[in-house]
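Data first, discussion second: the structure below is written as structure tokens.
The values are calculated or read from the model by the stated rules, or taken from the named source; none is laboratory data. Bear in mind that the values here come from a model prediction, so they are computed numbers and not experimental data. Cβ placement follows ideal geometry from the backbone for every residue including glycine, while neighbour counts extend to all protein chains displayed. Side chains are part of the model used for accessible areas, which takes the heavy atoms of the whole protein and leaves out ligands, DNA and RNA. Shrake-Rupley method; radii C 1.70, N 1.55, O 1.52, S 1.80 Å.
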Amino acid sequence: MFKAKTNLAILIGILFLAVSCNKTPTESEWSRFYGFTQSDIVGHYEANPDESIYQDLPTEGVEIYDNASIDIVALSGNTISLRVVIPGVINKSFSGIVNADEDSSDLVFNNYNEDIRMTVYKNAKGQVRFHGRVKHYFYNAEHELVNSNNYGFDVIKAASESVAE
């Protein structure tokens with residue numbers, strides 16, 4: 001009888017721990033932002049101040065910079081102009097159309113020998129965040145790809161420009 005009560009108490013304790021460890025997301029946790037629009041992403045972005053975000057980085061072949069900034073300006077229709085600056089490293093502009101696709105949380109724009117790819121995130125506070133990279137391609141005289149550089153970033157929309165849900 002004592003052994004059965006002990007086993008029951010242990011089982012209840014394990015269940016309690018399992019349930020209490022299943023936390024609900026906090027306001028600062030990020031999830032992919034599917035179906036974002038031009039107005040959701042237009043604004044100024046600064047490097048993510050959360051240093052823990054950089055602990056899992058760098059991704060192989062991508063150097064991550066914790067001082068990047070991005071500015072996005074609305075153009076006609078759903079077109080935007082995007083400028084990414086990593087001081088002393090790159091200052092590049094891209095433009096393209098924002099497709100409000102419910103199945104995508106990514107932005108991808110291409111120039112001749114460069115592209116930018118980033119995932120758009122949003123948290124419960126309505127903050128918008130980009131995590132991605134700019135890639136510069138190097139070609140030889142025969143126009144064959146010989147190398148590339150990847151410049152990674154993680155930026156958050158300036159607080160005064162965040163959109164609440």
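Considering (1) modelled with pLDDT of 95 or more; (2) open to solvent by 70 Å² or more (accessible area, probe 1.4 Å), say which one Asn78 fails and leave the rest.
Of everything listed in (1) modelled with pLDDT of 95 or more; (2) open to solvent by 70 Å² or more (accessible area, probe 1.4 Å), Asn78 misses just condition (1).
How do the pairs read when you match residues in segment 71-89 that are in contact (Cβ under 8 Å) with a residue 40 or more places away in the chain with residues anywhere that are open to solvent by 10 Å² or more (accessible area, probe 1.4 Å) and basic (Lys, Arg), using Cβ under 8 Å and keeping only pairs 6 or more apart or on different chains?
From residues that are in contact (Cβ under 8 Å) with a residue 40 or more places away in the chain, the pairs are Val84/Lys92.
For segment 25-75, how many residues are surrounded by fewer than 11 Cβ atoms within 10 Å (Cβ to Cβ) and modelled with pLDDT under 75?
9
Could you pull out the residue among Asn123, Asn150 that is of a type in the set (S, T, N, Q), more than 22 Å from Val42 (Cβ to Cβ), in contact with a strand residue (DSSP E or B) (Cβ under 6 Å, 6 or more places away or on another chain) and open to solvent by less than 50 Å² (accessible area, probe 1.4 Å)?
Values: Asn123 fails: more than 22 Å from Val42 (Cβ to Cβ).
Checking each option against the conditions leaves just Asn150.
Cβ-Cβ under 9 Å, sequence separation 6+ or interchain: first residue in segment 22-46 and among the basic types (Lys, Arg), partner open to solvent by less than 90 Å² (accessible area, probe 1.4 Å) and at pLDDT 90 or above. Which pairs?
What qualifies is Arg32/Ser105; Arg32/Asp106; Arg32/Thr119; Arg32/Val120; Arg32/Tyr121; Arg32/Lys122.
I need the full set of residues from segment 61-110 which are under 16 Å from the mean Cα position of the chain (by Cα) and of a type in the set (Gly, Ala, Ser), in order please.
Once the filter is applied, which keeps residues that are under 16 Å from the mean Cα position of the chain (by Cα) and of a type in the set (Gly, Ala, Ser), segment 61-110 yields Ala68, Ser69, Ser104, Ser105.
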